[in-house]
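What follows is a set of notes on a single structure, which appears directly below.
The values are calculated or read from the model by the stated rules, or taken from the named source; none is laboratory data. None of the values given here were measured: they were computed from a predicted structure. Methodologically, a virtual Cβ is constructed for each residue, glycine included, from the backbone with ideal geometry; neighbour enumeration extends over all protein chains shown.
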Amino acid sequence: MTMLNPELDRSALAAKFARDDRIRISNILNADIAERIRNICLTKVSWDYLSHVDGKNLVMSTEALKNLGAEETQELQRKIGTAAADGIGFFYCSYMMDRKRNDTDDVDIRFLHEVFEFLNSDEMLNFISVVTGRDDLKSASAQYTRYTPGHFLTRHRDDVKVDKRRIAYVLSFSKDWHPDWGGLLHFYEDDGTARDAWVPEFNSLSLFDVRHVHSVSFVTPFTKQPRLSLTGWFRAIEPS
């Protein structure tokens, strides 16, 4: 059974994407698939924390972060904030597909890897190619992400030549998200002028050319739930 919603109008979606090299597609997956992914992310995933510290990316397990002393935690927060104040940085939870092994006996975690495999299937790559007009897409990278109060991703482009990224994507699993909670996908002009922002929408797929400047806004302390998504890039390189 396919995971992709069979009722999507590919021609209409392609025409919409062509206007600005970006689109958000509602009801992208079969509803039961999206519900299952959301529930697994809420209950089963062992998250790592990703941040940018001392000019490099840092990955820490939940346990390692909890074991930091008060002074170490304060210093880490200071460094993350200092980089972010200069427009460089991020802090959020991640479950990286290329760093996690799919040999677990947990059927739910194995299912998350099946979703990753589906993203790299001919069916999904062909769908993305039709919508975006790109004929060179050969693989997808992916990480499940979890943003909670205090998490953010500063303004940047995803155009990394060595990785041959072509189309960035955000597959959202957040329900009933309130715009005041933060966690919005913001888009900007090249000079930093704000264009618009997309509020997380359950079972939607945001696609945009990697040259678009974007960010994820700071998640507020009064957020009622985590911002859950599957993110990455469709690339012009063979899967590793």
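Evaluation of R166 against the conditions (1) closer than 21 Å to D21 by Cα; (2) more than 17 Å from the chain's Cα centre (by Cα) shows that the sole unmet condition is (2). Can you work out which of the residues in region 105-119 that are among the acidic types (D, E) and within 16 Å of R38 (Cβ to Cβ) is surrounded by the most Cβ atoms within 10 Å (Cβ to Cβ)? It comes out as D108.
Taken together, the criteria exclude D122 from residues that are in contact (Cβ under 8 Å) with a residue 24 or more places away in the chain and exposed (fewer than 13 other Cβ atoms within 10 Å of the Cβ).
If R38 satisfies all but one of (1) over 19 Å from V199 (Cβ atoms); (2) among the charged types (D, E, K, R); (3) modelled with pLDDT of 95 or more, what's the number of the condition it fails? All conditions are met except number (1). Among the residues of region 132-145 satisfying the criterion of being touching a residue at least 60 places away in the same chain (Cβ under 8 Å) and more than 11 Å from L230 (Cβ to Cβ), which is surrounded by the most Cβ atoms within 10 Å (Cβ to Cβ)? Among those that are touching a residue at least 60 places away in the same chain (Cβ under 8 Å) and more than 11 Å from L230 (Cβ to Cβ), it is T132.
At least 2 residues being within 19 Å of Q143 (Cβ to Cβ) is the threshold, and among the strands (runs of 3 or more DSSP E) wholly inside region 182-239 those reaching it are 204-209, 213-216, 227-235. Is it true that K16 is modelled with pLDDT of 95 or more, surrounded by fewer than 18 Cβ atoms within 10 Å (Cβ to Cβ) and within 30 Å of G192 (Cβ to Cβ)? Yes, satisfied. Under the condition of being part of a helix (DSSP H, G or I) and in contact (Cβ under 8 Å) with a residue 12 or more places away in the chain, the residues counted in region 19-38 number 6.
Scanning region 1-18 for residues being of a type in the set (A, V, I, L, M), in contact (Cβ under 8 Å) with a residue 40 or more places away in the chain and part of a helix (DSSP H, G or I) gives a total of 3.
Looking only at region 195-229, residues that are farther than 15 Å from P179 by Cα, under 17 Å from the mean Cα position of the chain (by Cα) and without any contact (Cβ under 8 Å) to a residue 60 or more places away in the chain come to 3 in all.
Criterion applied to W198, W181 was being more than 22 Å from S46 (Cα to Cα) and crowded, with 21+ Cβ neighbours inside 10 Å, and the one residue passing it is W181. A Cβ distance below 7 Å, combined with a sequence gap of six or more or placement on separate chains, defines the contacts here; from region 75-89, residues that are farther than 9 Å from H52 by Cα reach residues that are not in a loop (DSSP other than H, G, I, E, B) in the pairs L76/V53; G87/T154; G87/R155.
When the residues of region 70-101 are filtered to those that are among the charged types (D, E, K, R) and modelled with pLDDT of 95 or more, the one that is surrounded by the fewest Cβ atoms within 10 Å (Cβ to Cβ) is E71. Filtering G182, G192, G232, G150 for residues that are at positive phi and free of Cβ contacts under 8 Å to residues at least 40 places away in the same chain leaves a single hit, G192.
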